[in-house]
1. crowded, with 19+ Cβ neighbours inside 10 Å, within 19 Å of the chain's Cα centre (by Cα) and of a type outside the set (Asp, Glu): is that true of Leu446 in this structure?
2. Are any residues in segment 468-505 within 24 Å of Arg553 (Cβ to Cβ) and touching a residue at least 40 places away in the same chain (Cβ under 8 Å), and if so, which ones?
3. How about segment 581-630: which of its residues are modelled with pLDDT under 95, touching a His at 6+ places or on another chain (Cβ under 8 Å) and surrounded by 22 or more Cβ atoms within 10 Å (Cβ to Cβ)?
4. Evaluate segment 386-404: report whether one residue or more is among the aromatic types (Phe, Trp, Tyr), surrounded by fewer than 22 Cβ atoms within 10 Å (Cβ to Cβ) and out of contact with any helix residue (DSSP H, G or I) (no Cβ under 8 Å at 6 or more places or on another chain).
5. Answer yes or no as to whether Asp475 is among the acidic types (Asp, Glu) and within 21 Å of Val646 (Cβ to Cβ).
6. Across segment 534-547, what is the total count of residues that are surrounded by 16 or more Cβ atoms within 10 Å (Cβ to Cβ) and of a type in the set (Gly, Ala, Ser)?
7. Quick one: which strands (runs of 3 or more DSSP E) sit completely within segment 174-252 and have at least 2 residues that are touching a Pro at 6+ places or on another chain (Cβ under 9 Å) and more than 20 Å from Gly585 (Cα to Cα)?
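The values are calculated or read from the model by the stated rules, or taken from the named source; none is laboratory data. Note that the structure is a prediction, hence the values are computed from the model and not measured. Quick reminder, even Gly has a Cβ in these numbers, built from the backbone with ideal geometry, and neighbours come from all protein chains shown.
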Amino acid sequence: MITEQLINPRSIVVVGGSDDVQKPGGKVLKNLKDHNFSGNLYVVNPKLDEVQGIKSYRDVAELPQVDLAILAIAAKFCPQTVDVLARQKGTRAFIILSAGFHEESEEGARLEEQIVNIVNETGSCLIGPNCIGVMNSNYAGVFTTPIPKLNPKGVDFISGSGATAVFIMEASMPKGLEFSSVYSVGNSAQLGVEDILEYLDNSYDPKTSSHIKLLYVESINKPQKLLKHASSLIRKGCKIAAIKSGGSEAGSRAASSHTGALASSDVAVDALFRKAGIVRCNGREELSTVASVFTLPEPTGNRMAIITHAGGPAVMLTDALSNNKFEIPHIDGPKAKALLEKLFPGSSVANPIDFLATGTAEQLGYIIDACENDFDNVDAMAVIFGSPGLFPVFDVYDLLDRKMKECKKPIYPILPSIINVKEEIAHFLSKGRVNFPDEVVFGNALAKVFYTPKPQPLTPVMPQIDRGAIRKVIDSSPNGYLAPADVQKLLDAAGIVRATEALATTSADAVSAAISMGFPVVMKVVGPVHKSDVGGVVLNVKNAEGVAAEFERMIKIKDTTAILIQPMLSGVELFVGAKREDKFGHIVLCGLGGIFIEVLKDVSEGLAPISNAEALSMIKRLKSYKILQGVRGQEPVNEQLFAEMVSRVSALVEAAPEIFEMDLNPLLGRKDRVVAVDARIRIEK
């Protein structure tokens, strides 16, 4: 729980404050003074009576009542200090800058636990330990620089790493970004990234709160809380971007199913962010650029006019946008010719609109007006304007600022000359504008923002399933892979259409089953994990003699306990799978099946529960989507039925969270049906 004393304290004490501003206790005190904290400021230093011109107390017990305490003392002294402040001085907010806690040793972990117990017992809140601090428009409670411009309508930024928070601010400030608040949660002993986000959601006011949230996360400990509050904020009108680091896996992990091999914790993060509507970024520059995109109006479509006086950057931006499914529409016709007549000879309006290195502010105004009013195939404008340093360009940037206010279509300023026209760019940013100094980084960031989906409903409409029948199978089964008969029961209870099948333990049973189904049939071994690798799958068996012969061969394969008989079906091979991921719940995946999943690894992922609509969006994200639509006369796959399979698998694992891994591979898809022909389910209770 975040207290009012953390957000807007009337008094702050720096315990361990000093005159040495090269130490955390000295620097945080200096920052509080320099950035005009308006409340009462106290210092505790056992050796001094005055620190940086402020009266210093020798012991916390001598302090008056104080709202917020910032501790910059050795870890071993922190529990007792917190105890006195919380129980005797009414302190209800703590920021512990000190290291030496659970990140360092078992003894440090015990000290941290003692502190958390005290703050919980007293209804206080704790940021840290092992952090750089907190700052907002009320106070700058950090021991680092730079201190950005603190504006209640700026960006709210929560970071799991103090140093990374500094570097992200350093990447953001030159672009013109302002900050509303910065929280460095450090060890997250009591409050982590998810808890701060919960506070920002619960306290959100559309008139006064920041509409942009940035996250740097190294571990997601409460994914459901993150999903709930991020999606809630976005529905309220906020925009959220995040870096989640630590996604690669050093070394391989044994997995006995395709889903197990493809689904990782990082895949779960992707699924969670997509479900919440969070734009996932891969680095500091991208995060700060995405945040800058957030500050501007959203384009209504993906058709961009590139306005430039320099050819190279326009070509690179064209490539970046085109590679990210943006259109750079050709501009022609009478209105284009009329615009061209207002520009210098040699200019081009075809798009990119190049008005040459000698282009003027007046000409830029003509171009922007034409894109705004005359060209219906343009949704947004990117203006690239730097300088070789020959003359000032204040007039160009002033015009750009004015047009950004007047135009309904968004205008993205790409001002690359950060040295030649440093003063002009600073003048432009002082108007509350942002700058995108690199056109390729901008193009990639804009595409990420544009194509990140809106949040999914937290309680989606799900298909009806027989939960009682599902629970009966799960509750009566031991851990491990389920027997084929139990798999069939689960699929039937979930409404998953499957191929007719029979289990044979003798040659006569196999022949009888095949005759009953009608030839041709498929025969598969039961027992070995990867059937095809051991010769345990035979297709298109056309008569009783073939069935008998194959049975005798296949029953001798190692670990085989029976032979499964199915009718020979045809269609595009598809795949649906699910895997339980620690804390996240179940990841559900879909894609092309059979050998394609092993070779192409083209899958889409979602976090259960998954509605039919979300399942359809997963299918349409597949690189192989055109194959499903039918190419070169091939029969298409019924996308609605495929999506229903995905949603039903999601419903099944929601009803049976004990399912650890499951594969439907392959399903066979045609225009009139999607049928599961092979399934494996492993449970871990």
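1. Against the criterion (crowded, with 19+ Cβ neighbours inside 10 Å, within 19 Å of the chain's Cα centre (by Cα) and of a type outside the set (Asp, Glu)), Leu446 qualifies.
2. Tyr481, Pro484, Ala499, Thr500, Glu501, Ala502, Leu503, Ala504, Thr505
3. Ile597, the sole residue that qualifies.
4. Within segment 386-404, one or more residues are among the aromatic types (Phe, Trp, Tyr), surrounded by fewer than 22 Cβ atoms within 10 Å (Cβ to Cβ) and out of contact with any helix residue (DSSP H, G or I) (no Cβ under 8 Å at 6 or more places or on another chain).
5. On the way: among the acidic types (Asp, Glu): yes; within 21 Å of Val646 (Cβ to Cβ): no.
Taking the combined requirement at face value, the residue does not satisfy it.
6. 2
7. 179-184
A quick yes/no check of all residues on (1) more than 23 Å from Leu664 (Cα to Cα); (2) out of contact with any Gly (no Cβ under 9 Å at 6 or more places or on another chain); (3) at pLDDT 95 or above:
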{"residue": "Ala502", "(1), (2), (3)": "no, yes, no"}
{"residue": "Thr506", "(1), (2), (3)": "yes, yes, yes"}
{"residue": "Gly518", "(1), (2), (3)": "yes, yes, no"}
{"residue": "Val541", "(1), (2), (3)": "no, yes, yes"}
{"residue": "Ala548", "(1), (2), (3)": "yes, yes, yes"}
